[in-house]
Amino acid sequence: MYVSMSRLRVDPAHSDALIAAFRRRAHLVDDADGFVDLQVWRSDRDPEEVLMVSRWRHRAAFTAYMRSAEHRASHDRIDPSLMAAIRLERLEHLHTYEVEAE
C-alpha cells in the first residue's frame, strides 16, 4: 500500500467550495492502474487545513498517474479563483506498507 497526502491551506471562505469541487470531480483517477481510493479530510480544529489522501497499490502506479494526461486534465478543471485560494503546505509520501490485517 502506498499513501500520498497533500496538506493544503485553504482560505476559509473557499473551503466549502473546495469540498464541493471534489464531490464534482471527473473521477479520472478512478480507472488508473493501482488506484485504491481518494478522500478529502477537513480539520475540525483548523478550518483552513484540508488533507487530500490517496491510496495506491504501489508507488509506481501513483507516479505514473501523476505524470498522466488524466492528472493534468483533472487539475485543469479547477476554477482559477479556487486554485488561487489553495496553498500546498506539505506533500507527504508515506512509505510503502504491506497490509497485514483488515
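The values are calculated or read from the model by the stated rules, or taken from the named source; none is laboratory data. Predicted model only: the values in this text are computed from it and were never measured. Cβ atoms come from the backbone with ideal geometry, glycine included; neighbour counts cover every protein chain shown. For the accessible areas, the whole protein counts, side chains as well, though only heavy atoms, and no ligand, DNA or RNA atoms are used. Shrake-Rupley method; radii C 1.70, N 1.55, O 1.52, S 1.80 Å.
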Review point. Mind checking which pairs have a first residue in the range 54-80 that is more than 18 Å from GLN39 (Cβ to Cβ) and open to solvent by 80 Å² or more (accessible area, probe 1.4 Å) and a second that is assigned to a helix (DSSP H, G or I) and modelled with pLDDT of 90 or more, Cβ under 7 Å, 6 or more apart or different chains?
Key: GLU70/LEU28; GLU70/VAL29
Exercise for review: Scan the range 1-31 residue by residue and report those that are touching a residue at least 60 places away in the same chain (Cβ under 8 Å) and aromatic (Phe, Trp, Tyr).
Suggested key: TYR2
Practice item. Go through the range 8-35 residue by residue and tally those that are within 12 Å of the chain's Cα centre (by Cα) and of a type in the set (Ser, Thr, Tyr). Key: 0
**Study point:** Residue within the range 7-20 that is over 16 Å from ALA85 (Cβ atoms), of a type in the set (D, E, K, R) and either touching an Asp or Glu at 6+ places or on another chain (Cβ under 9 Å) or at pLDDT 90 or above (or both) present
**Key:** no
Practice item. Any chance you could count how many residues in the range 20-53 are out of contact with any strand residue (DSSP E or B) (no Cβ under 6 Å at 6 or more places or on another chain), surrounded by fewer than 16 Cβ atoms within 10 Å (Cβ to Cβ) and not in a loop (DSSP other than H, G, I, E, B)? Key: 4
